[in-house]
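The values are calculated or read from the model by the stated rules, or taken from the named source; none is laboratory data. Nothing here was measured: the structure is a model prediction, and the numbers come from that model. Cβ atoms come from the backbone with ideal geometry, glycine included; neighbour counts cover every protein chain shown. Just the protein is used for accessible areas: all its heavy atoms, side chains included, with ligands, DNA and RNA removed. Shrake-Rupley method; radii C 1.70, N 1.55, O 1.52, S 1.80 Å.
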Amino acid sequence: MNTIFSDLTGRLDRIGGARLTGRVQAVTGLTLTVVGLERALGIGARCEVIGAQGPVLAEVVGIGPDGTRVLPFGSWDGVSAGDRVVAAPRGDILRPDDSWIGRVVDALGRPAPGGAPLRQGADARPVRARPPSAFDRRRVGPKLATGIRVMDIFTPLCRGQRMGVFAGSGVGKSTLMAMLARNAEADVVVIGLVGERGREVQDFLQDDLGPEGLARSVVVAATGDEPPLMRRQAAWTALAVAEHFRDEGRQVLLLLDSVTRFAMAQREIGLAGGEPPTSKGYPPTVFAELPRLLERAGPGGGGAGGAARQTRAGQTRAGQTTAGDITALFTVLVDGDDMNEPVADAVRGILDGHIVLDRQIAERGRFPAVNLQQSVSRMLPDCHSNAEYRVYSASRRILGRFSDMEELIRLGAYQPGADPETDMAMRFEQPATVFLGQRKGEKTAPAEAFAKLERLLVEAGVPLAHLDGTDEGESMC
């Protein structure tokens, strides 16, 4: 009896499962309409369109009375009305592994052309995962040293924090990201290049990131010429890879460039699926997808119902385990340097701070071109020590004073001696500007950066107690 049962089981295993099929009814632009699979395919499901040039992987983006609307992960070249459409098995699963570190993959988790095959990990991870529950997360952890002077002093980054980098094109976003990938304290760096210029991918990998940065990074790249599904998928894939290493207990630095191109890809997908356009042509799903994407980064588990619980100063309570975090920087490409355009405005309200790169500062030759008055980290003041905060507060205020008076000073309308604070600002601004500028290969420890800036304040005659209303107390020098 057992022999007969085993034989029947073997025969069943060799019988291929039935595959649901439909047919192409129409192709309009990027959108292909399929009939016959309405009850089989839901939103986000995948299928293969069997055209004259071979199968094309596609995803369902809309369902209407005329059929199911799908978009391609490739091109519709060779596809015509009546072609067969086959429901595909679930393909939104990744299996990241340590062997991915140091590699470049595409939006579907495949190795870059010419690269060796990737080893697949044991655990399957959905590409489009839900953000962790707010009540299961730990608080933001201790300060993370970036090696970038202007960031460590004026816009400090903590473990599990999510920061936005807002800038127009050509102001130094990619260089700043590469400096962070090389220098920041992290176990693994995950870099998502969403809609990047094809010419610049190799430049970024070889010149900006370099062998040192790539050796501890996983790079997910989808260039601007790829279909919108691939560009959107690249952001999801980068988050899924970061989540894998976070769940292994590692400190992950996620750099996603850029959220704007993710939103543009979602705009193309939404409009092709029949959504109505709203502000600047963005359909409602763009503003629904942004928080779902950005909230996936942040501290790991171990909150009110979990294991590890850290104070902001980084002390782990006795008897609790250490979990990983995703510290993330998301770049936002602002149209025409308009910091209030819809995507920038939405992202700024979601993240834990923002760094504004200013074109005028870049034109003067200071890089990173951070506008200190417009940039803020929401982890302040807690993440700085008292001595560090005095240096930060005094520097920010005296540089703000120079910014207010800059036009009068440059026109010669201000007479030295008329205002003591303005005179101090004039003495401090030039050496501070030189100090805050930093070349791509430079790295400065935070303690050294604070000590140097304090010396510049003292040399300019800036009394810290007078500016921040506290006693001078301990010195950083």
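Filtering Ala362, Ala451, Ala394, Ala425 for residues that are in contact with a Cys (Cβ under 8 Å, 6 or more places away or on another chain) and either open to solvent by less than 30 Å² (accessible area, probe 1.4 Å) or of a type in the set (S, T, N, Q) (or both) leaves a single hit, Ala451. The number of residues in region 126-168 that are in contact with a Gly (Cβ under 6 Å, 6 or more places away or on another chain) and β-branched (Val, Ile, Thr) comes to 1.
For region 164-220, a residue qualifies if it is basic (Lys, Arg) and crowded, with 18+ Cβ neighbours inside 10 Å, and the qualifying residues are Lys173, Arg182. Of Gly365, Gly336, Gly314, all but one fail to be at pLDDT below 95, of a type in the set (Gly, Ala, Ser), closer than 29 Å to Ser258 by Cβ and not in a helix (DSSP H, G or I); the exception is Gly365. Of all residue pairs spaced 6 or more apart or on separate chains, those with beta-carbon atoms under 7 Å, a first member in region 120-136 that is farther than 16 Å from Leu239 by Cβ and a second member that is in a loop (DSSP other than H, G, I, E, B) and of a type in the set (Gly, Ala, Ser) are Phe135/Gly303; Phe135/Ala304; Phe135/Gly305; Asp136/Gly303; Asp136/Gly305; Asp136/Gly306.
On the basis of being among the β-branched types (Val, Ile, Thr) and either closer than 26 Å to Ser99 by Cβ or open to solvent by 10 Å² or more (accessible area, probe 1.4 Å) (or both), does Ile153 make the cut? Reasoning before the result, please.
On the way: among the β-branched types (Val, Ile, Thr): yes; either closer than 26 Å to Ser99 by Cβ or open to solvent by 10 Å² or more (accessible area, probe 1.4 Å) (or both): no.
Spelling it out, it is not the case that Ile153 is among the β-branched types (Val, Ile, Thr) and either closer than 26 Å to Ser99 by Cβ or open to solvent by 10 Å² or more (accessible area, probe 1.4 Å) (or both).
Considering only residues in region 428-439 that are open to solvent by 70 Å² or more (accessible area, probe 1.4 Å) and either in a loop (DSSP other than H, G, I, E, B) or among the β-branched types (Val, Ile, Thr) (or both), the one that is modelled with the highest pLDDT turns out to be Val434. The single condition among (1) surrounded by 21 or more Cβ atoms within 10 Å (Cβ to Cβ); (2) hydrophobic (A, V, I, L, M, F, W, C); (3) closer than 19 Å to Ala26 by Cβ that Leu94 does not meet is (3).
For residues that are part of a helix (DSSP H, G or I) and under 24 Å from Lys173 (Cβ atoms), scanning just region 270-283, find the one that is modelled with the highest pLDDT. Break it down into steps so the answer makes sense when it comes.
Kept after step one, since they are part of a helix (DSSP H, G or I), are these residues of region 270-283: 270-272, 279-281.
Next cut, under 24 Å from Lys173 (Cβ atoms) only: 279-281.
On the way: Ser279: 82, Lys280: 83, Gly281: 89.
Among residues in region 270-283 that are part of a helix (DSSP H, G or I) and under 24 Å from Lys173 (Cβ atoms), the one modelled with the highest pLDDT is Gly281.
Condition check ((1) open to solvent by less than 80 Å² (accessible area, probe 1.4 Å); (2) in contact with a Cys (Cβ under 6 Å, 6 or more places away or on another chain); (3) within 30 Å of Gly160 (Cβ to Cβ); (4) at pLDDT below 95) across all residues:
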{"position": "Val370", "(1), (2), (3), (4)": "yes, no, yes, no"}
{"position": "Arg378", "(1), (2), (3), (4)": "no, no, yes, yes"}
{"position": "Asp382", "(1), (2), (3), (4)": "no, no, yes, yes"}
{"position": "Asn386", "(1), (2), (3), (4)": "no, no, yes, yes"}
{"position": "Asp404", "(1), (2), (3), (4)": "no, no, no, yes"}
{"position": "Glu407", "(1), (2), (3), (4)": "no, no, no, yes"}
{"position": "Leu411", "(1), (2), (3), (4)": "no, no, no, yes"}
{"position": "Ala418", "(1), (2), (3), (4)": "yes, no, no, yes"}
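Residues that are in a loop (DSSP other than H, G, I, E, B) and modelled with pLDDT under 95 within region 284-307 comprise Gly300, Gly302, Gly303, Ala304, Gly305, Gly306, Ala307, listed in sequence order.
Mind counting the residues in region 20-46 that are touching a residue at least 60 places away in the same chain (Cβ under 8 Å), open to solvent by less than 70 Å² (accessible area, probe 1.4 Å) and part of a strand (DSSP E or B)? Before the answer, list the steps.
Taking region 20-46 first, the residues touching a residue at least 60 places away in the same chain (Cβ under 8 Å) are 20-24, 29-31, 44.
The next check asks that each one be open to solvent by less than 70 Å² (accessible area, probe 1.4 Å); those that pass are 21-22, 24, 29, 31, 44.
Of the ones still in play, those that are also part of a strand (DSSP E or B) are 21-22, 24, 31.
Residues flagged as touching a residue at least 60 places away in the same chain (Cβ under 8 Å), open to solvent by less than 70 Å² (accessible area, probe 1.4 Å) and part of a strand (DSSP E or B) within region 20-46 amount to 4.
If only residues of region 123-136 that are open to solvent by less than 90 Å² (accessible area, probe 1.4 Å) and out of contact with any helix residue (DSSP H, G or I) (no Cβ under 6 Å at 6 or more places or on another chain) are counted, the one that is nearest to Pro291 (Cα to Cα) is Pro131. Scanning region 75-111 for residues that are among the aromatic types (Phe, Trp, Tyr) and under 30 Å from Gly36 (Cα atoms) yields a single hit, Trp76.
In region 391-415, the residues that are within 14 Å of Ala432 (Cβ to Cβ) reach residues that are at pLDDT below 95 and of a type in the set (Val, Ile, Thr) with C-beta atoms within less than 6 angstrom, at least six apart or across chains, in these pairs: Ala394/Val462; Ile398/Val462. Being part of a loop (DSSP other than H, G, I, E, B) and of a type in the set (D, E, K, R) is the filter; apply it to region 96-118 and report the residue that is farthest from Val252 (Cα to Cα). Result: Arg110.
When the strands (runs of 3 or more DSSP E) confined to region 139-236 are screened for residues that are at pLDDT below 95, within 18 Å of Gln438 (Cβ to Cβ) and within 17 Å of the chain's Cα centre (by Cα), those reaching at least 1 such residues are found at 162-167.
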